[in-house]
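Just so you know, all these numbers are worked out from the coordinates, no wet-lab data involved. Note that the structure is predicted; figures quoted are calculated from it, not measured. Positions of Cβ are generated from backbone atoms using ideal geometry, with glycine treated the same way; all protein chains shown enter the neighbour counts.
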Amino acid sequence: AIQAYLNAGVPAAKIVMGIAFYGRNLKLKENAEIGLGDTISTVKGNSYGKGFTFMKDSLINKKGYVAFKDDVAKAPYLFNRDTKEFISYDDEWSVANKCDYVLKHKLGGVMFWEYSSDKKGYLLNQITKSFK
């Protein structure tokens, strides 16, 4: 989306990259194998609304959730093969990549939502580290 704005002539310094301190959950069809690219069955509510701190401390590579990284999108996701639940989110790796993109393309900066979802400061600390 950012590239589309740049291509349309929006000045880079006026564009701000978003960072999610929360996850988005999707229930996939029963035949889902790996999560990414599988068919959505239903859109669940944000049942992991406690955000990234909760996911990092309680879900990532725990309780049947396996962490994956999409190296093309530079985005992590969790997939639970038993429940067929797919959760997309930002982590320190994706935040570092987003900050690098902002610096490389001289964008206006980053914004995040929602602050209380990163109770231990994992992502906020990565943002600070990336811009030092």
To the nearest 0.05, the calculated FRET efficiency linking Lys14 and Ala96 through their beta-carbon distance, R0 being 35 Å, is 0.90
Given the peptides 19-27, 61-69, arrange them by the average over their residues of other C-beta atoms within 10 Å, most packed first. 19-27, 61-69
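In whole percent, what relative contact order does the chain give with Cα contacts below 8 Å and a gap of six or more residues?
Normalised by residue count, the contact order of the chain is 33 percent.
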Could you point to the label whose value was computed as Rg and Dmax of the Cα atoms in Å for the structure here, given (i) 15.8, 46; (ii) 17.2, 60; (iii) 15.9, 52? (i)
Sequence-distant aspartates and glutamates (8 or more away, or on other chains) whose Cα lies within less than 16 Å of Lys120: Asp57, Asp90, Asp91, Glu92
Would you compute, from DSSP H runs of 4+ residues alone, the mean residue ellipticity of the chain at 222 nm, taking -39500 (n - 2.57) per run and dividing by the full residue count, rounded to the nearest 500? -7500 deg cm²/dmol
Between the helical axis of 92-104 and the dominant principal axis of the chain, each derived from Cα atoms, what acute angle in degrees is found, rounded to the nearest 10? 20
Using amide H atoms built in the peptide plane, which far-off residues or other-chain residues are under 5 Å from Asp90 H to H? Ala20, Tyr22
